[in-house]
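**Q** The structure follows.
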Amino acid sequence: MMMAQTLFQLLRQQNPDCELHVLAPAWSQPLLSRFPEIKKSIVLPFGHGQLQLRARYRFAKQLRDEKYNQAIVLPNSLKSALIPYFAGIPKRTGWRGEYRFGFINDVRYLNKKVLPQMVQRYAALAFPRDTILPANLPVPQLHIDSDNAKNTAEKHGILLSDQPILALCPGAEFGSAKRWPTKHYAAVANQKIIDGWAVWIFGSPNDAAVAQEIQTLSNNQCVNLVGKTTLSEAIDLLSLAKVVVANDSGLMHIAAAAGCFVIAVYGSTSPEFAPPLTDKSKIVSLNLSCQPCRQRECPLKHHHCMELLLPGKVLSYISE
C-alpha cells in the first residue's frame, strides 16, 4: 500500500481533477486516510483467499452508481479482477495475472529487467502501455498528526523530551528469514541507551515474543509498544524517531514515508526489489552467495545472512 501511493501521486499529477477511490482491506484504511491524493476509501469485505463469487457480484453492483471510468488492479489474482468487471467499469488496467483475460481489458505484460522494482511496476500503470517511466518517481509521504503523536505518547505514559529516539521494528510477517536476530536488536538498544537515547519498540501483536526478548536482554529499559498501538498511532509516534532500525517490512516503508532516517536490514529478500523509498536511509546487507533466497525460513538452517550481520554495522550508521 505504501508503494501504491506513488501510483496515486502520478495519477493526480497527470490529471489534477481526477477523483481517486481505493478499494482495499480494512487494515489499510488508516494508511489511506494519510494519503492526500485519495478522495474515498472503500473497505473490501472479503478476506484473503475467499472467492465468494455471488457476494462479490452483489458487492460490485453497489459500485455501479459511481460510474467509474477506469479501475487499476494492483494484485495479480483472478479474484482481484472480478469486482471491477462485475461493476461494469469500462477500462480495467492491470498486469497479466492468473487466468483473467477479459476481466482485465487493458493488459500489461511485465518485463522484469525494465521494471525491477515493485514501485516501478505500480507506477507504470499510471501511464499508457510501453511508456518510459520518469527518472525520478514521487516517493510516498504520509500526513503526520503531531497532536495525535503527543496524545498517544501521553496515553502510553511516555514523557517526550529532547532525548533522541531510536525506534526498533523487529518483526516481519513473511517469516523468520527476514528477521534480524533479537540479540542484535538488543545490542543496538543497549548501546544507544548508554549513549542517552530513548528506545521504542514497534510491531503487531505477532511480534510480542520478539519484543519481550529484546526487553529482557535490555533490562526492560525500552518502551515496548508492540501490539499496543493502532496503526495511526504507530505512524505518528514513529515520526518522532531520529532513527528507525527495521527489517524489510511494512513498518520500514511506513517509517520512510513518515520522514524518518531508516536503517533497513535485509536478509532473505532483496533491496533491489523493494527498498525504502527515501533518500534518508541506509541499507544493511551482507550480500552472501545464498542471498536473496526469498524463503520464509532459512533453507540452509544457519541464517548466516542475518546472524553474521553484527550490531556494530548498524551502530556505525546511527552514529553518522
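The values are calculated or read from the model by the stated rules, or taken from the named source; none is laboratory data. These numbers come from a predicted model, not from an experiment. Every residue, glycine as well, gets a Cβ built from its backbone with ideal geometry; the counts of neighbours run over all protein chains shown.
Condition check ((1) assigned to a strand (DSSP E or B); (2) without any contact (Cβ under 8 Å) to a residue 60 or more places away in the chain; (3) surrounded by 15 or more Cβ atoms within 10 Å (Cβ to Cβ)) across all residues:
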{"site": "35", "(1), (2), (3)": "no, no, yes"}
{"site": "42", "(1), (2), (3)": "yes, yes, yes"}
{"site": "47", "(1), (2), (3)": "no, yes, no"}
{"site": "64", "(1), (2), (3)": "no, yes, no"}
{"site": "80", "(1), (2), (3)": "no, yes, yes"}
{"site": "83", "(1), (2), (3)": "no, no, yes"}
{"site": "99", "(1), (2), (3)": "no, yes, no"}
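**Q** Of the numbered conditions (1) surrounded by 12 or more Cβ atoms within 10 Å (Cβ to Cβ); (2) more than 22 Å from the chain's Cα centre (by Cα); (3) not small (Gly, Ala, Ser), residue 162 fails exactly one; give the number of that condition.
**A** For residue 162, the exception is condition (1).
**Q** Follow-up question, since we're still on this one. Exactly one of (1) on the phi < 0 side of the Ramachandran plot; (2) touching a helix residue (DSSP H, G or I) at 6+ places or on another chain (Cβ under 7 Å) is unmet by residue 252. Its number?
**A** Of (1) on the phi < 0 side of the Ramachandran plot; (2) touching a helix residue (DSSP H, G or I) at 6+ places or on another chain (Cβ under 7 Å), only one is false for residue 252: (2).
**Q** Ok, one more. Give me the residue from segment 49-62 that is assigned to a loop (DSSP other than H, G, I, E, B) and out of contact with any Lys or Arg (no Cβ under 7 Å at 6 or more places or on another chain) and, out of that set, surrounded by the most Cβ atoms within 10 Å (Cβ to Cβ).
**A** Out of the qualifying residues, it is 52.
**Q** Quick check on residue 204: is it free of Cβ contacts under 8 Å to residues at least 60 places away in the same chain and surrounded by fewer than 24 Cβ atoms within 10 Å (Cβ to Cβ)?
**A** Yes.
**Q** Is there a residue in segment 136-155 that is loosely packed, with under 15 Cβ neighbours inside 10 Å, within 15 Å of residue 243 (Cα to Cα) and either in the same structural domain as residue 234 (by TED's automatic domain parsing) or touching an Asp or Glu at 6+ places or on another chain (Cβ under 7 Å) (or both)?
**A** Checking segment 136-155: not a single residue is loosely packed, with under 15 Cβ neighbours inside 10 Å, within 15 Å of residue 243 (Cα to Cα) and either in the same structural domain as residue 234 (by TED's automatic domain parsing) or touching an Asp or Glu at 6+ places or on another chain (Cβ under 7 Å) (or both).
**Q** Another question about this same structure. Do you know which of the residues in segment 263-320 that are in a helix (DSSP H, G or I) and in contact with a strand residue (DSSP E or B) (Cβ under 7 Å, 6 or more places away or on another chain) is surrounded by the most Cβ atoms within 10 Å (Cβ to Cβ)? I'd like the intermediate steps shown before the answer.
**A** First pass over segment 263-320, keeping only residues in a helix (DSSP H, G or I): 304-307, 311-318.
After this cut, where a residue has to be in contact with a strand residue (DSSP E or B) (Cβ under 7 Å, 6 or more places away or on another chain) as well, the list is 313-314, 317-318.
On the way: 313: 16, 314: 22, 317: 15, 318: 19.
If we take residues in segment 263-320 being in a helix (DSSP H, G or I) and in contact with a strand residue (DSSP E or B) (Cβ under 7 Å, 6 or more places away or on another chain), then 314 is surrounded by the most Cβ atoms within 10 Å (Cβ to Cβ).
**Q** Select, from 91, 67, the only residue that is modelled with pLDDT of 95 or more, at positive phi and over 26 Å from the mean Cα position of the chain (by Cα).
**A** Criteria check complete, one pass: 67.
**Q** Please work out which one of (1) surrounded by fewer than 22 Cβ atoms within 10 Å (Cβ to Cβ); (2) assigned to a helix (DSSP H, G or I); (3) in contact (Cβ under 8 Å) with a residue 40 or more places away in the chain is the condition residue 211 fails and give its number.
**A** With (1) surrounded by fewer than 22 Cβ atoms within 10 Å (Cβ to Cβ); (2) assigned to a helix (DSSP H, G or I); (3) in contact (Cβ under 8 Å) with a residue 40 or more places away in the chain applied to residue 211, the lone miss is (1).
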